[in-house]
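Structure, as structure tokens:
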Amino acid sequence: MVSTIISSIEGVSVEELATRYGSPLFVVSERQLRQNIQGLFTAFQSRYSDVVYGWSYKTNYSSAIAQILHQEGAWAEVVSKFEYEKARSLGIDGDKIIFNGPYKPKNILQQAVIEGAHIHVDHFDELTLLQEIGTELNHVIPLTLRLNFETGFSESWSRFGFNIENGQALAAAHQIKKSAVLKLQGLHSHIGTFILDTRAYAAQTRIMCAFMEVVEEATGCEINSLDMGGGFVSHHAMQGIKLPENQIVPTMDDYAEAICTPLLRFVTKRLKQGKPQPRLILESGRAMVDDAVHLITRVVATKKLPNGQRAAILDAGVNLFSLGHWYDHKIQLTQKHEGDRNPTNLYGPLCMNTDIIRHQIPLPPLTYNDRLIISPMGAYNHSQSLQFIEYRPNVVMIYKNGSMSTICRAENLKTVTFQENIQSF
């Protein structure tokens with residue numbers, strides 16, 4: 001999608017940013033980050049009294065971004081040994097870490113148990129491992145059970161967690177009940193990504209609340225938290241979606257209403273029965289960071305293809321733009337261009353035929369050194385970026401007071417080859 005001309009980001013000219021920090025360049029807005037997380041808390045806390053938000057580390061690994069979200073009250077939601085250790089290195093206590101994921105090595109799982117992390121169990125083998133750890137440590141381990149099920153409005157993510165419909169989830173709960181060192185106290189599900197239909201979340205909430213009643217009745221446990229995962233969209237569209245984004249992208253209030261309305265109905269009945277209100281946990285990643293990051297790129301060559309179409313080669317390739325084939329990112333010019341907008345192919349600098357930024361995007365004639373802005377870029381593009389052929393560039397943050405700093409330095413030969421070793425013969 002081509003949008004309007006953008007000559008500055010957060011009041012700083014694109015030309016100044018590129019001249020000072022180089023191109024390509026990721027640019028992060030502190031203001032937008034804080035606005036996004038404050039909007040999430042406002043939407044949900046105005047409807048439900050006990051809400052916890054865990055920042056999804058895999059969405060963007062920048063420590064500076066994580067620190068800002070933690071300052072705003074976010075816990076850490078992690079899915080690996082690396083992410084757990086990163087959260088701890090940033091000063092996040094174990095009891096403020098939600099530990100998800102299908103693979104948690106024993107040594108990091110032991111550490112998480114000792115430090116009081118919130119462990120979300122993904123499969124029966126993990127239950128066996130936790131039983132072993134609890135026995136070795138003589139320690140009762142509180143657990144959250146990850147669930148999967150059909151909502152009727154979203155694709156089933158059945159590879160994660162325990163299925164409700166086939167009885168697997170209830171069987172896991174019974175296995176926990178039999179253990180002297182395991183204790184079930186939470187339920188979790190993550191129903192997908194970039195979910196535009198908020199009815200999926202309303203269905204998810206109803207299904208989880210119903211299972212909560214079943215599992216408490218069947219095992220005698222007391223569930224004190226419901227983790228609804230993430231999947232909230234950011235303000236752009238997936239490729240192939242043609243409607244204007246303001247007609248298809250739900251607001252944070254829309255998501256909060258879909259979740260909190262059936263949850264409050266369930267909690268009201270629960271409180272009348274003398275049972276405690278469960279904590280609501282959220283793990284949104286994309287909606288927090290995507291529109292807070294832009295990518296500045298430069299035209300390094302122009303071509304005319306054999307079929308007569310225009311083409312331009314940019315200094316940013318698919319090694320930095322992992323989601324470009326899936327999402328309709330905005331391509332913005334930084335200055336006015338004369339001439340008709342015609343279909344143009346945008347290629348990256350990598351020496352591989354698949355380094356395609358966009359096919360046939362309507363653009364005026366581009367020239368050498370023209371700058372373009374690609375956005376939103378904050379979700380997954382940087383965390384999934386590759387050191388392949390080209391060095392990865394600087395990441396700079398623009399702060400609310402107008403100052404700037406590099407929050408991740410560009411790679412060079414030393415940093416890229418630091419781990420290598422040449423054997424002497």
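The values are calculated or read from the model by the stated rules, or taken from the named source; none is laboratory data. All values derive from a computational prediction rather than experimental measurement. Cβ: placed from backbone, ideal geometry, glycine included. Neighbour counts: every protein chain shown.
Okay, residues lined up against (1) touching a strand residue (DSSP E or B) at 6+ places or on another chain (Cβ under 6 Å); (2) modelled with pLDDT under 95; (3) crowded, with 19+ Cβ neighbours inside 10 Å:
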| position | (1), (2), (3) |
| --- | --- |
| D328 | yes, yes, no |
| Q332 | yes, yes, yes |
| H337 | no, yes, no |
| T354 | no, yes, no |
| I373 | yes, no, yes |
| R392 | no, no, yes |
| V395 | yes, no, yes |
| N421 | no, yes, no |
| F425 | no, yes, no |
Collect the residues in the range 120-130 that are buried (at least 23 other Cβ atoms within 10 Å of the Cβ) and either touching a Phe, Trp or Tyr at 6+ places or on another chain (Cβ under 7 Å) or part of a helix (DSSP H, G or I) (or both), keeping them in residue-number order. H120, L130
Positions within the range 119-150 being free of Cβ contacts under 8 Å to residues at least 24 places away in the same chain and of a type in the set (S, T, Y), in sequence order: T128
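For the structure I just gave you, tell me whether Q384 is modelled with pLDDT under 95 and farther than 27 Å from Q419 by Cβ. Walk me through how you get there before you give the answer.
Details: modelled with pLDDT under 95: yes; farther than 27 Å from Q419 by Cβ: no.
In short, no.
Residue check: is Y48 within 14 Å of G285 (Cα to Cα) and at pLDDT 95 or above?
In short, no.
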Against the definition (within 25 Å of T19 (Cβ to Cβ) and part of a loop (DSSP other than H, G, I, E, B)), how does L366 come out, yes or no? yes
When the residues of the range 170-203 are filtered to those that are hydrophobic (A, V, I, L, M, F, W, C) and in contact (Cβ under 8 Å) with a residue 60 or more places away in the chain, which remaining residue is nearest to P250 (Cα to Cα)? F194
Verdict on I361 being touching a residue at least 60 places away in the same chain (Cβ under 8 Å), part of a strand (DSSP E or B), assigned by TED's automatic domain parsing to the domain that holds G308 and under 20 Å from G22 (Cβ atoms): no
If you go through the range 94-132 one residue at a time, how many are hydrophobic (A, V, I, L, M, F, W, C), over 19 Å from Y53 (Cβ atoms) and in contact with a strand residue (DSSP E or B) (Cβ under 7 Å, 6 or more places away or on another chain)? 5
